[in-house]
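**Student:** First the structure, which I've put down as structure tokens, then a few questions once you've had a look.
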Amino acid sequence: MEQIVLKPEILGFYKQLPITNTLLVSWVAMIILIIVSAVATWRIKTIPSGLQNFLEMIVEFGYKTVEDLSGSKRAKVFFPIVMTFFLLIVTSNWLGLLPGFGTIKYGGEPLLRSINSDLNMTLSLALLSAVMTHFFAIYYLGLSNYLKRWFSLQFFPVFLFVGILEIVSEFTKIVSLSFRLFGNIFAGEVVLSTVASIFAFVVPLPFYFLEIIVGFVQAAVFMMLTLVFMVLLSEKHATEEQR
């Protein structure tokens, strides 16, 4: 059984930038998404069919879900962001199940590795999610109301203490988002590698089907949690607008 390490393997360097196997796969995932979207929208038909119809179904379902949670006005802003998270994560997760991941070598190191088995990637996604969440909170609430959410002199020091707890909870959200995605994908990679090293045929198939489901669920969870955080932090202004 091959040893699976937490740290992504470095394949080479571009000037001072290390090129890791997870970084390489992230480029592949982005290229796939760009090509698929370009092909699907190359000649848009009034009555969609094929790839266009399939992607429109995904987009329509995703938009309806976002709209139900955030309202029609905020859905137009939140949807492109959370849907991008979902598509990138699910594509990356499923790419990691293809033959060759972890087995094809380059310079003695695995050439391909699932990007979400790299904590750097999941932490980057979680930080981006948090930054966008607070950006929209300031946009919808205004800077003054946003700051009052964290710091208030009313009922001092109770509200101040509550504000500090809220700030701590924001950091725990980042940890939760990043480690949940990383832990599930990395654990799946370990299980698949272990089973495949013992049983070459048939037996690993149920585990692959399970990881297909896990990859989808983790992408959906990341998307929905990001959406919920955005909705909750920008709730006050949006409620006033809908009235």
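Since every read-out is calculated from the coordinates, none of them should be taken as a lab result. Because the structure is a prediction, the values reported are computed rather than measured. Positions of Cβ are generated from backbone atoms using ideal geometry, with glycine treated the same way; all protein chains shown enter the neighbour counts.
**Student:** Extension gain K76-L143, at 0.36 nm per residue separation less the Cα-Cα distance, in nm?
**Tutor:** Full-extension gain reported as 21.9 nm.
**Student:** Now a separate question. Could you compute the FRET efficiency for L17 and H134, with r as their C-beta to C-beta distance and R0 at 30 Å, rounded to 0.05? The partial results should precede the final answer.
**Tutor:** Details: r = 29 Å, r/R0 = 0.95.
It comes out at approximately 0.55.
**Student:** Which one, L55, A126, W42, projects farthest toward the positive side of the charge dipole computed for the range 10-242 from Cβ point charges (K/R +1, D/E -1)?
**Tutor:** So the residue we want is W42.
**Student:** How much length is gained on full extension from I198 to T46, taking 0.36 nm per residue of separation minus their Cα-Cα distance? Working shown, then result.
**Tutor:** On the way: separation 152, 0.36 × 152 = 54.72 nm, distance 5.17 nm.
Answer, rounded to one decimal: 49.6 nm.
**Student:** Follow-up. Treat each spin label as a single point 7 Å out from the Cα along the C-beta direction, and report the R180 to M57 distance in nm.
**Tutor:** 2.7 nm
**Student:** What is the distance, in nm, between label points placed 7 Å from the Cα along the Cα-to-Cβ direction at I34 and at S169?
**Tutor:** Result: 4.0 nm between the two label points.
**Student:** Here is a further query. Can you work out the base-10 log of I(q)/I(0) for the chain at q = 0.15 1/Å, using the Debye formula on its C-alpha atoms alone?
**Tutor:** Listed by q, the Debye log ratios stand at -1.11.
**Student:** Where does the chain land at 222 nm, in deg cm²/dmol rounded to the nearest 500, when only DSSP H runs of n ≥ 4 count, each adding -39500 (n - 2.57), divided by all residues?
**Tutor:** That calculation yields -25000 deg cm²/dmol at 222 nm.
**Student:** Let me know the longest stretch in the chain that avoids all chymotrypsin sites (Phe, Trp or Tyr not before Pro) found in a DSSP loop with at most 15 other C-beta atoms within 10 Å.
**Tutor:** It runs 43-150.
**Student:** Counting Lys +1, Arg +1, Asp -1, Glu -1, what net charge surrounds N116 among other residues with beta carbon under 14 Å of its beta carbon?
**Tutor:** Surrounding charge for N116 is -1.
**Student:** Next question. Please identify the trypsin sites (Lys or Arg not before Pro) of the range 1-67 that satisfy two criteria: DSSP loop assignment and at most 12 other Cβ atoms within 10 Å. Which are they?
**Tutor:** Of the trypsin sites (Lys or Arg not before Pro), the ones in loops of the range 1-67 whose Cβ has at most 12 other Cβ atoms within 10 Å are K15, R43, K45.
**Student:** Taking 8 Å as the Cα distance limit and 6 or more residues as the minimum spacing, I'd like the relative contact order of the chain as a percentage.
**Tutor:** Reported as a whole number, the value is 26 percent.
**Student:** Still on this structure, I have one more. Pick out which of G71, G50, G142 has the largest mean-square fluctuation in a Gaussian network model of the chain, springs linking Cα atoms closer than 10 Å.
**Tutor:** Highest fluctuation of the listed residues: G50.
**Student:** Now for a separate question. Any idea how many Lys pairs in the chain come in under 28 angstrom at the alpha carbon, given 8 or more places apart or on separate chains?
**Tutor:** The result is 20.
**Student:** Loop-only trypsin sites (Lys or Arg not before Pro) in the range 78-158, please: DSSP not H, G, I, E or B, and at most 12 other Cβ atoms within 10 Å.
**Tutor:** Numbers: sites: K105, R113, K148, R149; in loops: R113.
Taking the range 78-158 and a limit of 12 other Cβ atoms within 10 Å, no loop trypsin sites (Lys or Arg not before Pro) are found.
**Student:** Right, here's the next one. Please identify the helices of the chain, taking whole runs of DSSP H, that span at least 18 Å along their own axis as judged from the Cα atoms and have a mean Kyte-Doolittle score of 1.6 or higher. Intermediate results must be reported in sequence, preceding the final value.
**Tutor:** Values: long enough: 21-40 (29 Å, 2.34); 50-70 (30 Å, 0.16); 72-95 (34 Å, 1.11); 119-141 (32 Å, 1.48); 158-198 (58 Å, 1.52); 204-233 (43 Å, 2.12).
Span-like helices here: 21-40, 204-233.
**Student:** Rounding to the nearest 20 debye, state how big the charge dipole of the chain is about its Cα centre with +1 on each Lys and Arg Cβ and -1 on each Asp and Glu Cβ. Intermediate values should be presented prior to the final figure.
**Tutor:** Values: 16 positive and 15 negative charges, 98 e Å.
In debye, rounded to 20, the chain gives about 460.
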